[in-house]
Amino acid sequence: MSKTANAIRTMFRTTTLLMLFACVNGPSVAPARSETPLRPALKRSDVVFLYDNPSLYEAYGCTVLGWGQSVPTPGRLQLAHTKGVRLFAESVGFLTEFSRVIDFSPDFLDAACRNFAGQPFIVPWLWDFKHRGQPSWWWRTNSPLYRKYLESRLEEVVRAKADGLHIDDYSGTFTAVTWGKLSGCFCRHCMAGFRDYLAKNLSKDILAALGIRDLGTFDYRAYLLARGVKAEDYDRRRSQLPLAGEFYDFQVTANTEFVTRFHRRAEKLRGVPMSLAVNSNLGSPAALAIAPHLTYFCCEVETGAAARAVPMHPVYVYKLADGLSRPGASTTGGWDWAYVSDHKLPGLVRTWIALSYAFGHNFMVPHYQWCYTDKRGSFWYSGPTEEYAWLYRFVRQNARLLDGYEAVAPVAVVYDNAARRRQQADVEPICTALAERNVPFTIVVAGDDWLDYRLDAASLARRKAVIVAERLVMDKTQRELLAAIDRAGRLVRWPDDKRLEQLVPAPVRLEGVGDMLVVPRELPGNTKSSLVVHLLNRRYDGQKDAMTLQTNLMLRPRHDFVGGRKFARAMLHAPQTPSISLRITFDGQDPRIEVPRLDLWAILELNE
């Protein structure tokens, strides 16, 4: 499977939960209107299971059930609550429940997506599944029959008294527009919905210029066929075809609206607020459109297991989630779990776990994870409890140093959603470079008509430097905010390293160390609380599946970086070792803290 296909595929399938929360010194935007504090949400120290397994609750310290179980019951949820699981979400799979849809109605094919040739097609990564002789058809969320089925599933979730609703493969129809050669969806219901969309969004003059005189009888597929577009070359030509952008916009916005209504319906039936999470990897603007309506993200984040190295891509995803002010938990993709399973690499997985919690997120327990390869199809990885449970227990034991903490971020990186829709202004390389240099930062989001977030002047004013990529497309109002930052001399046009160094001199200097991530976090508004610094060892030995121990490390944070606080006490907490007190000395006003050893991950606790 190609890297491009992997990146798109990551948005899908039954395997995950994702990410985080607020920007460092507060969220970059005001909370979305749909947000409510009454909905159960993730905490930084939560231990999240993908699927239910009461026999392992105690071993790992499970507190959240992300995907639930296939047949939810009130008794099962009550049992989980008595054992310390405070948030039990039940999942509805928009693509994975193909067998149940087939059993739901003899007319099940009326719920299947149709390609440009008018034929139904299957879910590519479920090619090895069949039910009653039928393959795993790709269902369409615009189908009245399919929505009737989803209503029945919602009633099951409500009867089980679930605390939250999770939706797997939530993007439904809109991903079939751009995925490989699927070329969806041209069913009669999508054609009718697109007519309504055009009536609301395009003027009669524009329609006439496109050759559309009678919108009441307009059929987009027939329109393209009349212009010589053939099924065999539709995918190659799609992006250049008339109304291609409008058709994709229709599918994305229609799906976002449906998921939002679906969640509201769940809360109405349940009679209490319910969390909403979806399996979205934040990998594209379309995958972000649902963000304002979520309680947290729930998705697969690619880790590149075959590289046998501590990945940096998740750092970008976590920071983007920060900018969206949405928490979450994550796992990795099926191909990554397949590699881990085949090569027995629990040490590599532990680097993923440590990375997620250090950046304020929750990596799901690997006790039962979906694996996939093109040749073998689907299978499962059941990680040995003895390889992972101790690390999750460390998380639970140090909840006080995780919960409520936000990243310290004197630097902001601007994510421009409108630019990304044009494949411009990619900030992931910027985020990777900053993280590798141990420059603390956050992402602030410049939204658009898909993503209901906007740059916030107060948040930007708190940053010592604001970094932008080239070829921004955001609206004038948001551009003016950046122009004000530029006039104040705090705007950095990447890659202007010299200007960044002038504005934010190396906040944390390291001596006697390499390949290490330093991640400071604080309790916003509480200058008397501990400053927490996560230390992550990146020296993973892929041949031995083990960390290379680092010793005699010197950490030198600038005094002005920590607000001039004068720390007198330092404690180092690390998995499977007793906490130890560290000596603090000073070089002028800058503290010097010697760390005797770093294996996988440690949490440095600093107090005055």
Search result, residues across region 177-191 that are more than 11 Å from R221 (Cα to Cα) and in a helix (DSSP H, G or I): V177, T178, H189
Meets criteria (among the β-branched types (V, I, T) and in contact with a strand residue (DSSP E or B) (Cβ under 7 Å, 6 or more places away or on another chain)) for T577: no
Enumeration of residues in region 59-113 that are more than 13 Å from W139 (Cβ to Cβ), assigned to a helix (DSSP H, G or I) and in contact with a Ser or Thr (Cβ under 7 Å, 6 or more places away or on another chain): A59
Those helices (runs of 4 or more DSSP H) lying entirely in region 310-400 with at least 2 residues in the same structural domain as G61 (by TED's automatic domain parsing), over 17 Å from G66 (Cα atoms) and touching a Pro at 6+ places or on another chain (Cβ under 7 Å): 346-358, 385-397
Number of the condition not met by I102 [criteria: (1) modelled with pLDDT of 95 or more; (2) touching a Pro at 6+ places or on another chain (Cβ under 6 Å)]: (2)
Strands (runs of 3 or more DSSP E) fully within region 413-517 counting 2 or more residues that are touching a residue at least 40 places away in the same chain (Cβ under 8 Å) and under 28 Å from V301 (Cβ atoms): 441-446, 465-468, 508-511
Q423 among the polar types (S, T, N, Q) and either over 19 Å from the mean Cα position of the chain (by Cα) or on the phi > 0 side of the Ramachandran plot (or both): yes
One residue from W450, W390 being over 22 Å from the mean Cα position of the chain (by Cα), aromatic (F, W, Y) and over 30 Å from F129 (Cβ atoms): W390
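Output the helices (runs of 4 or more DSSP H) that fall wholly within region 200-291 and possess 1 or more residues being without any contact (Cβ under 8 Å) to a residue 40 or more places away in the chain and either among the hydroxyl-bearing types (S, T, Y) or surrounded by fewer than 17 Cβ atoms within 10 Å (Cβ to Cβ) (or both), or say none.
204-209, 220-226, 234-237, 244-270
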Extreme residue, surrounded by the fewest Cβ atoms within 10 Å (Cβ to Cβ), among residues of region 154-176 that are in a helix (DSSP H, G or I) and under 21 Å from the mean Cα position of the chain (by Cα): A176
Residue selected from region 370-411 under the condition farther than 30 Å from V562 by Cα and polar (S, T, N, Q), by the criterion surrounded by the fewest Cβ atoms within 10 Å (Cβ to Cβ): S382
All positions within region 79-105 that are of a type outside the set (A, V, I, L, M, F, W, C), in contact (Cβ under 8 Å) with a residue 24 or more places away in the chain and closer than 27 Å to A59 by Cβ: K83, G84, R86, E90, S91
Qualifying positions in region 429-445 - within 17 Å of the chain's Cα centre (by Cα) and crowded, with 20+ Cβ neighbours inside 10 Å: C431, T442, I443, V444, V445
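The values are calculated or read from the model by the stated rules, or taken from the named source; none is laboratory data. Since this is a predicted model, take the numbers as computed values, not measurements. Cβ: placed from backbone, ideal geometry, glycine included. Neighbour counts: every protein chain shown.
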